[in-house]
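So the structure is just underneath, and the comments pick up after that.
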Amino acid sequence: MTWAIRRAERRDVPEILRIEETQFPEPWTRGMLIDEMSDVATRRYTVAVEEGVILGYLGVMFVLDELHVNTLGTAPAHEGRGVATALLTEAFADAGERRIARATLEVAASNTRAQRLYHRFGFAPVGVRRRYYERTGEDALIMWADLAGTSTAGPTLAP
Ligand SMILES: CC(C)(COP(=O)(O)OP(=O)(O)OC[C@H]1O[C@@H](n2cnc3c(N)ncnc32)[C@H](O)[C@@H]1OP(=O)(O)O)[C@@H](O)C(=O)NCCC(=O)NCCS
């Protein structure tokens, strides 16, 4: 692995948005992303960087003892290299130190690749939000994971 993970900064916004716009049918706007990143009390945004290029990003939100995965994306040219796995592993290690007990997220019902990734981190589907995504009309799966005891976590092997 040749990249490093660091906290996202304002100067990273254009590159994060470029990835967001290629990877999501309903990408966040610049304003949404800046608002999110500015809320340092409850949000934690990280990027994976290789030779000055942002390969992927992760944004999480803390609500009481829960971590919410707000956004996660890897640049198409760098998918399959373990970038998202590394970003999640780093965030969950931090969550362990903050004594976060559980994690949740919504993911498009058709997005089996992301679901496999989340499954490896212990997420399981618990329900469906019908027509969650406005533009596509697609349902979202609600997934939860128990993080207790995962401060040294990496993904567990898929069965
Ligand atoms: C889902 C997404 C974040 C995954 O990012 P990624 O960086 O490619 O993820 P990883 O590389 O950590 O893991 C993905 C796959 O690569 C494999 N992989 C990981 N490291 C690898 C390596 N060094 N060599 C080869 N394969 C590897 C993993 O086993 C995994 O395999 P799978 O697809 O069969 O499950 C990315 O595809 C993406 O941005 N998708 C669009 C946006 C999205 O869906 N976001 C999440 C929804 S909220």
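Structure values in brief
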read-out: Value of relative contact order over the stretch 1-134, rounded to a whole percent, pairs C-alpha under 8 Å and six or more apart; value: 20
read-out: Diffusion constant of the chain at 25 °C, which comes from Stokes-Einstein with the Kirkwood Cα-pair radius and 0.890 mPa s, µm²/s; value: 154
read-out: Cleavage-rule hits, trypsin sites (Lys or Arg not before Pro), the stretch 1-105, DSSP coil, Cβ neighbours within 10 Å at most 16; value: ARG98, ARG99
read-out: Net charge dipole size for the chain [Lys, Arg +1 and Asp, Glu -1 on Cβ; Debye, nearest 20]; value: 200
read-out: Gain upon complete extension [ARG98, ALA124; 0.36 nm per residue less C-alpha separation]; value: 7.1 nm
read-out: Ascending count of other beta-carbon atoms within 10 Å, so fewest first, for MET32, MET61, MET143; value: MET32, MET61, MET143
read-out: Residue (of VAL126, MET61, PHE92) at the positive-pole extreme of the stretch 1-157, dipole from beta-carbon charges; value: VAL126
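Read-outs: derived from the displayed coordinates by stated rules, not from any lab. Please read all numbers here as calculations on a predicted model, not as lab measurements. Here the Cβ is made from the backbone with ideal geometry for all residues, glycine too, and neighbour counts use every protein chain on show.
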